[in-house]
Amino acid sequence: MTPLQPIVAIDGPAGSGKSTVAKAVAKKLGLFYIDTGAMYRALALKARQENIDPNDTPAVVALAKAIDLTMSYDRHTGALRILLDGRDVSEDIRRPEITEHVSTIAKNEDVRHRMVELQRQFAAGKSAILEGRDIATVVFPDAYKKFFLDAQSEERVKRRYLEMKEKNIAVPENHIRRDIQNRDHIDSTRACAPLKKAPDAVYIDTTHMTIDEVIAAVIAEIQR
Ligand code: CDP
């Protein structure tokens, strides 16, 4: 890559394959990997730890401004660790009770400002791949390559259900369906930085593709 900003941006809804694809592409191309959803999730976890209601906007904003959040990414193993107050919360932030409230927390403009600031700091001076909902539209509008991954809703529900099952987290499929529909709605209708495809992003419908096919398509496009 020889761009102004050596950044690859991947946006898309839950279950579209963003994380798996971004991780694999990062490893293959030697890019730094940043999972921005994990940052909103860490804030949702912190709010829960402090007994703060996700709808209590002033309290959530204050929390976001003071949050002690770091990411450690190992280029060799491809492992990403999310540290909240110095403690590894990479697993805790995936729990259903955190997922349930994360979109409510992520819709606030001041919260987003703080998170975007941190995301740019994490990526500063690096060749990186970032995944989220607003990377190509807001965080790095000058990214070298932009992708919007998508899949039909039922396929995304199925993928998330299997993913949770593999992690031995028992969540009924209808809860996952409700959560995905709820987050799709909040994320794409919020006033600040809604989930949408950037006009210059490459759209990939992954519904009928294997992960390897998506990874290959993304790498081919980056190297084009
Ligand atoms: O992995 P999954 O697709 O379930 O979600 P995630 O990427 O971990 O993101 C969790 C939530 O954080 C999303 O549903 C959004 O509400 C929020 N988010 C956001 O608003 N902006 C981002 N750049 C990334 C995530």
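The values are calculated or read from the model by the stated rules, or taken from the named source; none is laboratory data. All figures in this text were calculated on a predicted structure; none of them were measured in a lab. All Cβ positions, even for glycine, are placed from backbone atoms using ideal geometry, and neighbour counts span all protein chains on display. The protein model used for the area step is the full one, side chains on, heavy atoms only, and it has no ligands, DNA or RNA in it. Shrake-Rupley method; radii C 1.70, N 1.55, O 1.52, S 1.80 Å.
When the accessible area of the chain is computed with all protein chains present and a 1.4 Å probe, what percentage of it is carbon and sulfur? Before the final figure, lay out each step's value.
Working: 5310 of 10790 Å².
About 49 percent, which is the carbon plus sulfur part of the accessible surface.
At 0.36 nm per residue, minus the direct Cα-Cα distance, what do E50 and D85 gain on full extension? Give it in nm, one decimal, please.
Stretched out fully, the E50 to D85 stretch lengthens by 11.3 nm.
Given only helices, namely DSSP H runs of n ≥ 4 each adding -39500 (n - 2.57), what is the per-residue ellipticity at 222 nm of the chain, to the nearest 500 deg cm²/dmol?
For the chain, the value works out to -15000 deg cm²/dmol.
Taking the solvent-accessible surface of protein heavy atoms with a 1.4 Å probe, what is the per residue accessible area of the chain in Å²?
On the way: 10790 Å² over 224 residues.
With the other protein chains kept in place, the chain gives 48 Å² per residue.
Among the listed pairs K46/K167; K28/K107; K23/K158, give every one whose C-alpha distance is greater than 31 Å. Could the numbers behind the result be given before it?
On the way: K46/K167 22 Å; K28/K107 33 Å; K23/K158 21 Å.
Too far apart for the 31 Å limit: K28/K107.
Could you state the number of Å between the C-alpha centres of the range 67-83 and the range 85-133?
So the two Cα centres are separated by 12 Å.
Each residue of the range 201-210 in turn: what ³J(HN,Hα) in whole Hz from Karplus with 6.51, -1.76, 1.60 and θ = phi - 60°, glycine and Pro shown as x?
Values per residue, Gly and Pro as x: 8, 7, 8, 10, 8, 8, 3, 10, 10, 7 Hz.
Going by amide H atoms built from the backbone, whose H comes under 5 Å of the H on I129, apart from near neighbours?
Long-range HN contacts for I129: V8, F32, Y33, I34.
Within the range 4-37, list the residues whose amide N lies under 11 Å from a label point set 7 Å along Cα→Cβ of I219.
Label zone hits: 24-30.
Contact order normalised by length for the chain, with contacts defined as Cα pairs under 8 Å and 6 or more residues apart; what percent is it?
Reported as a whole number, the value is 33 percent.
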